[in-house]
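Report on the following structure.
The values are calculated or read from the model by the stated rules, or taken from the named source; none is laboratory data. What you see is a predicted model, and the numbers here were worked out from it, not measured in a lab. Please note: Cβ atoms are built from the backbone with ideal geometry, for glycine as well, and neighbour counts cover all protein chains shown. Accessible surface is based on the protein model in full, side chains and every heavy atom, while ligands, DNA and RNA are left aside. Shrake-Rupley method; radii C 1.70, N 1.55, O 1.52, S 1.80 Å.
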Amino acid sequence: MTRASARLVPLRLRLTRPLATATGEFLLRESVILEFTADDGTTGVGEAAPWPGFGEETIAASTAVLERALPLLHGANLEPAQWPLDLVMLLADAPAAHAAVEGALCDLAARRAGQPLAAFLQAAAGVPAGG
């Protein structure tokens, strides 16, 4: 990937109906979108969307980790799953934030290759087309 800019976009969605789980009822879905824009204008997005009660990470924690990661991401030459150690360590205890970074990098790589994300991931996993 060529150098990219990175930004965060908070997202709050009101559910049309309450979602009942064993941990309570939810009326709102919060997440944070990580957007990479490569120097050729191609954009890739990933989302950190932890659910309360399903793991330790909160949306506030995801956002804080991603904010600390922005200086490492902005202007970086990164590829999916090929990150510098300082970024790996920063995201080690934040699986939703980690997923946002990997998702945005994979989305960007797929778009730059002119492929749907599913086809890109299938090829990256070594799965034959149609398999």
The ratio Rg/Rh over the Cα atoms of the stretch 62-101, Rh being the Kirkwood inverse mean 1/r radius, stands at 0.90
In the stretch 42-104, taking the dipole from +1 charges on Lys and Arg beta carbons and -1 charges on Asp and Glu beta carbons about the Cα centre, the listed residue (Pro71, Met89, Ala48) farthest towards the positive end is Pro71
Expected vector for the stretch 9-25, Karplus 3J(HN,Hα) from phi with 6.51, -1.76, 1.60 and θ = phi - 60°, integer Hz, x for Gly and Pro, equals 10, x, 9, 10, 10, 7, 6, 6, 9, x, 9, 9, 10, 5, 9, x, 10
Distance in nm between Asp39 and Leu70 label points, each 7 Å along Cα→Cβ, equals 2.2 nm
Measuring from the longest principal axis of the C-alpha atoms of the chain, the long axis of helix 59-73 (C-alpha) lies at a number of degrees, nearest 10, equal to 20 degrees
Heavy-atom accessible area of Leu19, protein chains in place, probe 1.4 angstrom, given in Å² to nearest 10, is 70 Å²
With all protein chains in place and a 1.4 Å probe, Val88 shows an accessible area in Å² (nearest 10) of 60 Å²
Averaged per residue, the 1.4 Å probe accessible area of the stretch 1-94, protein heavy atoms only, in Å², is roughly 60 Å²
Cα-based Rg then Dmax for the chain, in Å, read 15.9, 46
Site Ala81, offset 7 angstrom along Cα→Cβ, radius 11 Å on amide nitrogen, limited to the stretch 95-125, gives 121-125
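In whole Å, what three semi-axes, largest first, describe the equivalent ellipsoid of the stretch 3-80 built from its Cα gyration tensor (square root of 5 times each eigenvalue)?
29, 14, 9
What do you reckon, how do Val32, Val127 stack up by accessible area (1.4 Å probe), largest on top?
Val127, Val32
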